[in-house]
1. Examine segment B:168-178 for a residue that is more than 27 Å from A:Gly117 (Cα to Cα), under 20 Å from the mean Cα position of the chain (by Cα), surrounded by 21 or more Cβ atoms within 10 Å (Cβ to Cβ) and not assigned by TED's automatic domain parsing to the domain that holds B:Leu62, and state whether such a residue exists.
2. Given (1) in contact with a Leu (Cβ under 6 Å, 6 or more places away or on another chain); (2) under 30 Å from B:Ile4 (Cα atoms); (3) buried (at least 22 other Cβ atoms within 10 Å of the Cβ), identify the lone condition not met by B:Thr154.
3. Among the basic types (Lys, Arg), without any contact (Cβ under 8 Å) to a residue 40 or more places away in the chain and outside the structural domain of B:Cys142 (by TED's automatic domain parsing), is that true of B:Arg49?
4. For segment B:17-25, does any single residue satisfy the condition of being more than 15 Å from B:Ala206 (Cα to Cα) and crowded, with 23+ Cβ neighbours inside 10 Å?
5. Quick test for you: out of A:Gly12, A:Gly41, pick the one residue that is crowded, with 21+ Cβ neighbours inside 10 Å, touching a Ser or Thr at 6+ places or on another chain (Cβ under 6 Å), within 14 Å of chain B (Cβ to nearest Cβ) and closer than 13 Å to A:Ala206 by Cα.
6. Taking A:Glu80 as the residue in question, decide whether it is under 22 Å from A:Leu222 (Cβ atoms) and among the acidic types (Asp, Glu).
7. Considering only residues that are within 14 Å of chain A (Cβ to nearest Cβ) and in a loop (DSSP other than H, G, I, E, B), which ones fall in segment B:156-176?
8. Checking B:Glu282 against (1) out of contact with any Leu (no Cβ under 7 Å at 6 or more places or on another chain); (2) assigned to a helix (DSSP H, G or I); (3) at pLDDT below 95, which single condition isn't satisfied?
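The values are calculated or read from the model by the stated rules, or taken from the named source; none is laboratory data. Predicted, not measured: the structure shown is a model, and the values here were computed from it. A quick note on method: Cβ atoms are made from the backbone with ideal geometry, for glycine too, and the neighbour counts reach across all protein chains shown.
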Number of protein chains: 2
Amino acid sequence: MGPIGVFDSGLGGLTVLRALLRRLPAEDFVYFGDTARVPYGTKGARTVREFARQDAAFLQGLGVKMIVVACNTAAAFALETLQAQFPLPVLGVIEPGVSAALARTRGGRIGVIGTSGTIRSGRYQEALAAAVGAPRVVARECPLLVPLAEEGLTNHPLTEMAIAHYLLPLRQAGVDTLILGCTHYPLLKPAISRFMEPETVLVDSAEELAESAARRLGELGLQRPASAAAAPASRLEFWLSDVPWQFAEIGARFLGRPIEAARQVNLDEVEQAGRLVRHGRERA
Amino acid sequence: MGPIGVFDSGLGGLTVLRALLRRLPAEDFVYFGDTARVPYGTKGARTVREFARQDAAFLQGLGVKMIVVACNTAAAFALETLQAQFPLPVLGVIEPGVSAALARTRGGRIGVIGTSGTIRSGRYQEALAAAVGAPRVVARECPLLVPLAEEGLTNHPLTEMAIAHYLLPLRQAGVDTLILGCTHYPLLKPAISRFMEPETVLVDSAEELAESAARRLGELGLQRPASAAAAPASRLEFWLSDVPWQFAEIGARFLGRPIEAARQVNLDEVEQAGRLVRHGRERA
C-alpha cells in the first residue's frame, strides 16, 4: 500500500501529477523527474528505453504500488518493456489518450502532436489507425513547443507563430479531435484552441490517464483505504536527478502550485537501480 | 601525438570542429557528443561539471593529446576543474571569445548571449567586466535559439521574432560587439546580424578557439609533424552517447559536410571513464 510512483523525463510530467492529485486526493505520490537527462523527445528509442527502465527501477526501490509513465516519449518506446519487467501495474499516457479521442471524435478525423520520438515511434498513429483507418489520422512532431512552454511564453506571439507553423496541416486536414501527445502541451491549450477550428476537441492525456489510474487501482483493490482519511494527510514527494536553473518557476507553472521541497538523487543511483532490475534481482 | 579530442553536450560543438578542421587541416580529431544527456545549458552547475569530467575522461581514454571543450556551458562550469584534473592541455571557448571581443570592440560596450547556464555562471561577464567595467557589459540568456537552430529554422520568421525578443535590450544598450556564446549561434549569424545595428561586430568563439588551439599546439610542440603530410590523410572520428532522430540533418548542417560514420558509446562507459578519473587512477 505504498505511494503511486510517477516518472517523467523532467518537469512536464507535473501536469500529469496535477491531474492525478485532483482525481485521487487521498493517495500518496512520489514523483521522479530525470532532469539531468531531459529531454527524451529528441533521443533515440534504445536510449529512451534504457532511461525509462532505470527511472521505473528507481521508483520501485522507493516502494511504490503502481508506476505511471507520465512522459509520452517514454511510454511510446518503453511501456511494454516495463510492463514485462516490473511486477507492478505500469500505466502510460498513450492508451488513455487514444481511447478518449476515439470516444469523443464525431467525424473520425483525429490529429496527434508530440515530440519527435513520440511521433516517429508511430504508437499513437497505429492505435488510432486500427480504429478509424490510417488516412483519417494526421500526426505532427512539434519540437519547439516544449521549450516555448518551459520559457513560460504560453500566450506570446512567438508561441502563436510556432503553433500556426506546426498545426496548419492539421487544421487544413479538418481534424475534429486533437490529442495533445506531450505533457508540456496542456499549458499551451488556450493558444492551440485559438488556432484550431472552434469545434475541434482537444484531448489532454493527463486527465484521461488519471481516470484510468483510478479505475485500475479500484480493480486491483489498491486504493488507499477510506480510514486513511483520518490518518496523516497524503504525502507528496519529489525527486530530481538535477536541479535545473528555472526549477521553481517551471515547477510551479506545471504543477499549478509551488513545490515545497525536492530531493536530488545522483544519476549513479538511478543507473544502479536499473542494473539491479536488468539482472533480475528485484524478483529475488 | 594522438588526435585532438573535442567534446560537446551534443552536436552544436560541430561548429567548433568545423573551425578547427579549417585552421588545422593536418591534425587528427576525435569528436564526442553527449547526445544522450544533451542539453547542458538548462542544467545545474554540479551536474554539468560531472558530465564534463566524464566526457573529458572518455576522450582521454581514446588517447587524445589535447582536449577542446567545445560547449560554452561546460567550459563555464568545468574548465578549471578539468585543467586541474587532467594531465593534458584543456582549452575552452570562453577565454578566446573574450579576448577577441576585447580586441575588436571600438566603444568598449560588449554584449554576450548564451544558454541559461552559461549566462548565469557569470564567467563571460566577469572576464569582460575586469577589462571594460561591469556597466559596459550586457548579457542575456536565449534558451529558444538552440532549438530553433536545431530545427533548421535559421532564417524563418520565428527565428527573427525570437532574436528580436532576446536581443532588443542589447541593441538598445548600444553594444558594438556581441559574443555568440553558444556553439549553435553561428548558424543564426545572418539573422542576428540583420537585427543588430550594421556596425555591430559578431564574435564567433569557434574561430577564435581554433586560433588559440593552433597557437597552443605550437607552444607545446604538439603539432602533427610536417612529414605526416606524406602519411595517411588526417583522421576524423565521431562518438555519440545517443543517435538522435535528426542526427544526419543536424550533423551536416553544423559541420558543413555529411558525417560519414558515428559510433555509439554506452553511457555506462562514459561514466566509468569518469569514475576512473575521480579515483585518481589515470595518474597511476
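1. Step one: list which residues in segment B:168-178 are more than 27 Å from A:Gly117 (Cα to Cα), which gives B:168-178.
Filter once more, keeping what is under 20 Å from the mean Cα position of the chain (by Cα): B:177-178.
After this cut, where a residue has to be surrounded by 21 or more Cβ atoms within 10 Å (Cβ to Cβ) as well, the list is B:177-178.
Those left that are additionally not assigned by TED's automatic domain parsing to the domain that holds B:Leu62: B:177-178.
Yes: one or more hits.
2. (3)
3. Numbers: among the basic types (Lys, Arg): yes; without any contact (Cβ under 8 Å) to a residue 40 or more places away in the chain: yes; outside the structural domain of B:Cys142 (by TED's automatic domain parsing): yes.
For B:Arg49, the condition - among the basic types (Lys, Arg), without any contact (Cβ under 8 Å) to a residue 40 or more places away in the chain and outside the structural domain of B:Cys142 (by TED's automatic domain parsing) - is met.
4. Taking every residue of segment B:17-25 in turn, none turns out to be more than 15 Å from B:Ala206 (Cα to Cα) and crowded, with 23+ Cβ neighbours inside 10 Å.
5. On the way: A:Gly41 fails: closer than 13 Å to A:Ala206 by Cα.
None of the others qualify; the one that does is A:Gly12.
6. Numbers: under 22 Å from A:Leu222 (Cβ atoms): yes; among the acidic types (Asp, Glu): yes.
So A:Glu80 passes the test.
7. Initial filter on segment B:156-176 (within 14 Å of chain A (Cβ to nearest Cβ)): B:156-168.
Passing the criteria: only B:His156.
8. (1)
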